[in-house]
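The values are calculated or read from the model by the stated rules, or taken from the named source; none is laboratory data. Because the structure is a prediction, the values reported are computed rather than measured. Note: ideal-geometry Cβ built from the backbone for every residue, glycine included; neighbour counts use all protein chains shown. Accessible surface areas use protein heavy atoms only, side chains included; no ligands, DNA or RNA. Shrake-Rupley method; radii C 1.70, N 1.55, O 1.52, S 1.80 Å.
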Amino acid sequence: MAVLPFYGTAEPERSALERRAMDRPGRVLARLDQLLPRTGSVLDVGAGDGWTAGHLAGDGRWILAVEPAAGMAERAASHPAVTWLRGDAGALPLADGAVDAAYATWAYFFPSVIDPSRGLAELHRVVRPGGPIVIVNNAGDDELTQLGVASGGEDPDWFADRRFDVEVLASAFGFDGEDPDAVRDLLTRYAGDPDRIPEEPPTHLEHRVLVASARSAGPPRVRVRGMRRHEASRVGEITLAGYDAYGDIEGDYRHELQDPTTRIEGSTSVLVAEVEGRVVGTVTFVLPHDQGWEGRAEPDGDAMFRVLAVDPAAEGAGVGRALVDACVRRAGELGCRRILIVSMAWMDRAHRLYERVGFQRRPDLDVRFPAGDGYVFTLDLTPDAAEHFTPPGPPVDPRPWYADVWR
């Protein structure tokens, strides 16, 4: 059974009808009200048009509604206890422990369709340790499921395996008072076949709802240390997985990514990040005298890091930030004035991380690689750093071939 792609922005009337009909008895809303703290800050992930947020907010409970789709917040009714943020579940725009609780209702957490592990890690990160996390989804095996391919339920074991308590509520879709043609249109969307929906559409459909609740474990503790040679295979696997998730690397450089022992011999150090004893990330720290240094003969910094990669299953857990912070600390301890990174243009997620740390884009230093453009970011570590390196200049168009300008 598939999950319908989000259509709320493109088809607001149909989306509004669905929201009015869903959980007509109000049992899901009542259960959320019981599970969430009566006061404090509560995160709504994938808030849509704010229907649920508006019903839960108030009387000391403040809802922070996060929604990735442009235009949805504008449709929401104004509420003094609801604040809107643009963002998505896999990269929540919040600090660690920023909220007291979080919930998601029929949004993102569909393990039958995608792996929502990154979003789950984000919930544990942003909810204070011990705060409730509640995920609402379809349980299946009901009249709604019988309509067709777009109404199936999620596996409760996926949530139970991740230490959630799982319960199923008996709710219903109710269409009393709605336009029959609009109801038939909506149900046809679920069924995928108009012939499955009678001319007189039903006014009531049994709907079993899965409610999974857990307590936040807080952000995982990430330990950064030097790579051990017996970990080379695992580090190579992580590196390729991390790069393949965002772009296409082939040829000799792919082999270099897969074999971190070559970087050990040409760099100051290859670092790994581990969570609960498992290696989940890596980065290579390089100084100008190392063979692995990438840059011009007249360096634009006196430290750099390369080949930052995080296991896709561990994204959102702070692993990338821990690795970058470790490189920045090491550069500072060595008395370096500026650290830099050359990153592929398609690594948008990494670029946002560098900018959060404080790195500045240097388009004047960008180069071209076989796999695409390389963007340069720099971070000054001392007040006098600018006095020791070439000042920023205008972007070069076209970007030079890396081998023509690097030593």
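Here are a few things to note about the model shown:
- Taking 0.36 nm per residue of sequence separation and removing the Cα-Cα distance, the THR39/SER112 pair yields an extension gain of 22.9 nm.
- DSSP beta bridge pairing in the stretch 89-220, given as percent antiparallel to the nearest 5: 75 percent
- A Förster radius of 35 Å combined with the Cβ-Cβ distance from ARG163 to ARG329 puts the calculated FRET efficiency at roughly 0.60.
- Percent RCO, i.e. relative contact order, over the stretch 147-233, from Cα pairs under 8 Å lying at least 6 residues apart: 39 percent
- With the convex hull drawn over the C-alpha atoms of the stretch 266-399, the volume per residue is 118 Å³.
- What a 1.4 Å probe finds exposed on the chain is 49% carbon and sulfur by accessible area, rounded to a whole percent.
- Given (1) 40, 23, 21; (2) 31, 23, 22; (3) 47, 22, 21, the label whose value is semi-axes √(5λ) of the Cα gyration tensor in Å derived from this model: (3)
- Couplings 3J(HN,Hα) of the stretch 292-297, computed from phi: x, 5, 10, x, 6, 4 Hz, in residue order, whole Hz [Karplus 6.51 cos²θ - 1.76 cosθ + 1.60, θ = phi - 60°; x for Gly and Pro].
- The chain - mean residue ellipticity at 222 nm from DSSP helices (-39,500 (n - 2.57) per run, n ≥ 4, rounded to 500): -7500 deg cm²/dmol
- Between ASP244 and ALA217, the contour length at 0.36 nm per residue exceeds the Cα-Cα span by 6.8 nm.
- For the stretch 3-89, the square roots a ≥ b ≥ c of the C-alpha gyration tensor eigenvalues yield an a/c of 1.5 or more together with a/b not exceeding b/c, which makes the shape oblate.
- FRET efficiency, 1/(1 + (r/R0)^6) with R0 56 Å, evaluated for GLU237 and GLU178 via beta carbons: 0.60
- For the stretch 221-253, the residues whose amide N sits under 20 Å from a probe point set 7 Å from the Cα of THR261 along the beta carbon direction are 226-241, 252-253.
- Residues with amide H under 5 Å from that of ASP311, placed H, sequence gap 5 or more: GLY281
- DSSP assigns beta bridges within the chain; of those with both partners inside it, close to 70 percent run antiparallel.
- Whether the stretch 70-166 is rounded, prolate or oblate, judged on the alpha carbon gyration tensor where a/c under 1.5 counts as rounded: oblate
- Per residue, the solvent-accessible area of the stretch 279-407 (1.4 Å probe, heavy atoms of protein chains only, all protein chains present) comes to 45 Å².
- In order along the stretch 128-145, the phi-based Karplus estimate (6.51 cos²θ - 1.76 cosθ + 1.60, θ = phi - 60°) of 3J(HN,Hα) comes to 4, x, x, x, x, 10, 10, 10, 10, 8, 7, 9, x, 6, 8, 5, 5, 4 Hz; Gly and Pro are listed as x.
- Note: relative contact order over the stretch 355-407, using C-alpha pairs below 8 Å and six or more positions apart, is 41 percent.
- Under the simplified labelling scheme, the ARG352-GLU13 pair shows an inter-label distance of 3.4 nm, with each label point 7 Å from Cα along Cα→Cβ.
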